[in-house]
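Have a look at the structure below, then the notes.
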Amino acid sequence: MQTIYSRLELNDAIDPTRNRSGSLGFVPTMGALHEGHFSLVEKALSTCDYTVVSIFVNPKQFNNSEDYDCYPRQVESDLRLLEKLGVDTVYLPNYAALFSETNPAATVDLHGLDSVLEGASRPGHFRGVVEVVYALLDHINPTHLFLGLKDFQQVLIIKNMIHNLGLPVSVVACETRREASGLAMSSRNQRLSPSQQEDAAVLYRILKNFKNKQALHSPEHLISEGIEEISRALLVVDYLAVVDAKTLSALDSFGPSAIACVAATCHGVRLIDNLPLWDD
Ligand code: PAF
């Protein structure tokens, strides 16, 4: 596995694959890797001829400096894990390399998808995400981009940016990996003790309630029931919503494209999750 810090070295590593018209898979990460990331990497390895993983904790997408400072950083162990998985190249760019050029994602129209749910609570977050993803795609020029559906809104917004800027890359959206309790895997879970993680599992139970009870109750009823249950588990709810999976507009009745989304703070750690409510 090659560990690469500059765009020049990156070109040397991946040009042979590009020149053979081979497929190049890319998994962007902020490190602190867990099984959710591994499933993206495994999917990339099994789909593409060559796999690049990036590790970069992007300050532009943190609207809270404490959250940025507390974000877990463990590059050495991440590299060992990626090597074991069989990744070809890990790219570790720095801020100046990524953000010194004009970035069209800084102004691309996100059609308001970035101002609801996570975007309402974290102003500027998705603009920071699309800017870094654009810069990484520009450096790596992959054929396939692998993203996790735990960050469902992020996947929708990145797809939108790719479409609007006409970038030649296919997005492969991968299912959320969960602990046995149902808790969605996230780098932030590391900041919770095992018993706090059990508390956090209330989020998935609530989302499953939406799926199981949608024929019996309105979104409004299940949202107020869910908020009460989350609060009883001592989490602080930021939002619990049923929205259309394409437009993210709030729904007052369940329909074929409804998805339930939740964000809550558990013992000081902000967690998000979602569950599509249509049948698989
Ligand atoms: O989902 C993440 O870890 C980040 O938002 C991403 C896509 C790596 C961009 O920094």
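The values are calculated or read from the model by the stated rules, or taken from the named source; none is laboratory data. None of these values were measured; they are calculated from a predicted model. Cβ atoms come from the backbone with ideal geometry, glycine included; neighbour counts cover every protein chain shown. To get the accessible areas, we keep the full protein, side chains included, count just its heavy atoms, and leave off ligands, DNA and RNA. Shrake-Rupley method; radii C 1.70, N 1.55, O 1.52, S 1.80 Å.
Restricting attention to segment 55-68, the residues that are within 16 Å of the ligand (Cβ to nearest atom) and among the charged types (D, E, K, R) total 2. Looking only at segment 164-200, which residues are away from the ligand (no atom under 16 Å from the Cβ), under 22 Å from VAL242 (Cα atoms) and open to solvent by 40 Å² or more (accessible area, probe 1.4 Å)? ARG178, the sole residue that qualifies. In this entry, ALA258 is excluded by the filter for residues that are of a type in the set (A, V, I, L, M, F, W, C), modelled with pLDDT of 95 or more and buried (at least 22 other Cβ atoms within 10 Å of the Cβ).
On the stretch given as segment 45-73, residues that are open to solvent by less than 60 Å² (accessible area, probe 1.4 Å) and hydroxyl-bearing (Ser, Thr, Tyr) total 4.
Scoring ASP151 on the criteria (1) exposed (fewer than 14 other Cβ atoms within 10 Å of the Cβ); (2) within 24 Å of ALA120 (Cβ to Cβ); (3) within 14 Å of the chain's Cα centre (by Cα) leaves a single failure, condition (1).
Selection of first residues in segment 139-166 that are on the phi > 0 side of the Ramachandran plot and of second residues that are within 11 Å of the ligand (Cβ to nearest atom), restricted to Cβ pairs under 9 Å at least 6 apart or on distinct chains, gives the following pairs, ordered by first then second residue: ASN141/PHE26.
When every residue of segment 92-100 is checked against the conditions, none turns out to be under 25 Å from ASN189 (Cβ atoms), out of contact with any helix residue (DSSP H, G or I) (no Cβ under 6 Å at 6 or more places or on another chain) and in a helix (DSSP H, G or I). If you go through segment 243-280 and keep only what is within 18 Å of the chain's Cα centre (by Cα) and on the phi > 0 side of the Ramachandran plot, you end up with just LEU248.
Remark: pairs (first residue in segment 2-30, over 21 Å from GLU76 (Cβ atoms) and more than 16 Å from the ligand (Cβ to nearest atom); second residue at pLDDT below 95 and open to solvent by less than 30 Å² (accessible area, probe 1.4 Å); Cβ separation under 9 Å; 6+ apart in sequence or on different chains) = SER23/THR17; LEU24/THR17.
Being open to solvent by 30 Å² or more (accessible area, probe 1.4 Å) and at positive phi, is that true of even one residue in segment 89-111? Checking segment 89-111: at least one residue is open to solvent by 30 Å² or more (accessible area, probe 1.4 Å) and at positive phi. With respect to GLU76, determine if the residue is more than 14 Å from the ligand (Cβ to nearest atom), at pLDDT 95 or above, surrounded by fewer than 17 Cβ atoms within 10 Å (Cβ to Cβ) and part of a helix (DSSP H, G or I). Spelling it out, GLU76 is indeed more than 14 Å from the ligand (Cβ to nearest atom), at pLDDT 95 or above, surrounded by fewer than 17 Cβ atoms within 10 Å (Cβ to Cβ) and part of a helix (DSSP H, G or I). Scanning segment 1-25 for residues that are of a type in the set (Gly, Ala, Ser) and either open to solvent by 60 Å² or more (accessible area, probe 1.4 Å) or part of a helix (DSSP H, G or I) (or both), we see that the one that is nearest to PHE38 (Cα to Cα) is ALA13. Quick one: in segment 123-133, which of the residues that are of a type outside the set (Gly, Ala, Ser) and touching a helix residue (DSSP H, G or I) at 6+ places or on another chain (Cβ under 8 Å) is farthest from the ligand (Cβ to nearest atom)? The extreme case among them is ARG127.
The residue list LEU145, LEU136, LEU222, LEU203 contains one member that is more than 16 Å from the ligand (Cβ to nearest atom), within 18 Å of the chain's Cα centre (by Cα) and open to solvent by less than 10 Å² (accessible area, probe 1.4 Å), which is LEU203. Taking GLU42, is it touching a residue at least 12 places away in the same chain (Cβ under 8 Å), part of a helix (DSSP H, G or I) and open to solvent by 60 Å² or more (accessible area, probe 1.4 Å)? Yes; evaluated as a whole, the condition is true for this residue.
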